[in-house]
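Read-outs: derived from the displayed coordinates by stated rules, not from any lab. Computed from a prediction, not measured in an experiment: that's the story for all the values here. Positions of Cβ are generated from backbone atoms using ideal geometry, with glycine treated the same way; all protein chains shown enter the neighbour counts.
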Amino acid sequence: MVAKPHPVSIAERLLEIERNAKKEHITELEQMMDKFMMQHKKEIVRHVFADYSEDFKELTKEFDKLKKELEIMEMDLPDAGATAEKSEIKPANKKSIGK
């Protein structure tokens, strides 16, 4: 019994053929590719998701870590109203402007 090729490998092969195809055949190949993708989209998406799910988990952990660090830094900042009072702009000396 001959094993059927995996839909993802077929999709990859169709993409390769599409890239190498001559201009007049591209629309036909695009139609074939669209039809194939629609027929096997669940399996292809599942396969792609499995490849990237670990990366996504790592990025999520890193994002959460950075978010917590930012929250801690924000808590350490003084009140915005308190800093505004201390850093009032004083008018310049009129005599020193003309010199």
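Normalised radius of gyration (Cα atoms, divided by 2.2 N^0.38 Å) for the range 7-77: 1.86. In plain terms, the residue of Glu62, Glu30 with the fewest other Cβ atoms within 10 Å comes first and the most crowded comes last, giving Glu62, Glu30. Tally Lys/Arg at +1 and Asp/Glu at -1 over every other residue whose Cβ is under 12 Å from the Cβ of Glu12; what's the total? With Lys, Arg at +1 and Asp, Glu at -1, the neighbours total 0.
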